1. Two decimals is fine: what's Rg over Rh for segment 30-166, C-alpha atoms, Kirkwood radius as Rh?
2. Got the relative contact order for segment 30-166 handy, in percent, Cα pairs under 8 Å and 6 or more residues apart?
3. Restricting to bridges with both residues inside segment 30-166, how much of the DSSP beta-bridge set is antiparallel, in percent to the nearest 5?
4. Based on the Cβ-Cβ distance of residue 132 and residue 91, what FRET efficiency does E = 1/(1 + (r/R0)^6) give at R0 = 22 Å, to the nearest 0.05?
5. Describe numerically, in nm with one decimal, the distance between label points set 7 Å from Cα along Cα→Cβ at residue 35 and at residue 165.
6. When the Cα centres of segment 69-129 and segment 33-66 are compared, how far apart do they sit, in Å?
């Protein structure tokens, strides 16, 4: 069977790709409102929107300990205490490589992203941080030895994941 050949110049293909990419980002940005139906870990939850769609949300600008890492279960419990079973509003910034919406999340009118950092249940994710006030919250949590900062030498999750990949 003969496969069809598409004759698009490199510039046309680049233009189409740029248009498709910008359209995906535009679709990704916006608000998701609904009830939090599950909390996977300290920086990931699922919202069931009013149209009965489930949206997996990765909390933007923070990185929580992995489940198998010290404070991983404490971090998950903290986010569940903040958001599980209640109405939440996610301000979507982008979509990550796993298809999750990356967002700032408000639960009970509280910024869950900032609260996780304030409680010492997540690091500020330097690579993606936009809200510089998160650093102040992290410093206060560290100085107060809150959560993961009670450990003498806590391992950031990005280093933990890298170490696992290298093994």
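Nothing in this text is a laboratory measurement; each read-out follows from the coordinates by a stated rule. Worth saying up front: this structure is predicted, and the values here are computed from it rather than measured. Here the Cβ positions follow ideal geometry from the backbone for every residue, glycine too, while neighbour counts run over all protein chains shown.
1. 0.96
2. After rounding, I find 24 percent.
3. 90
4. With R0 = 22 Å, the Cβ-Cβ based efficiency is 0.80.
5. Output for this residue pair reads 3.8 nm.
6. Taking the Cα centre of each part, segment 69-129 and segment 33-66 sit 8 Å apart.
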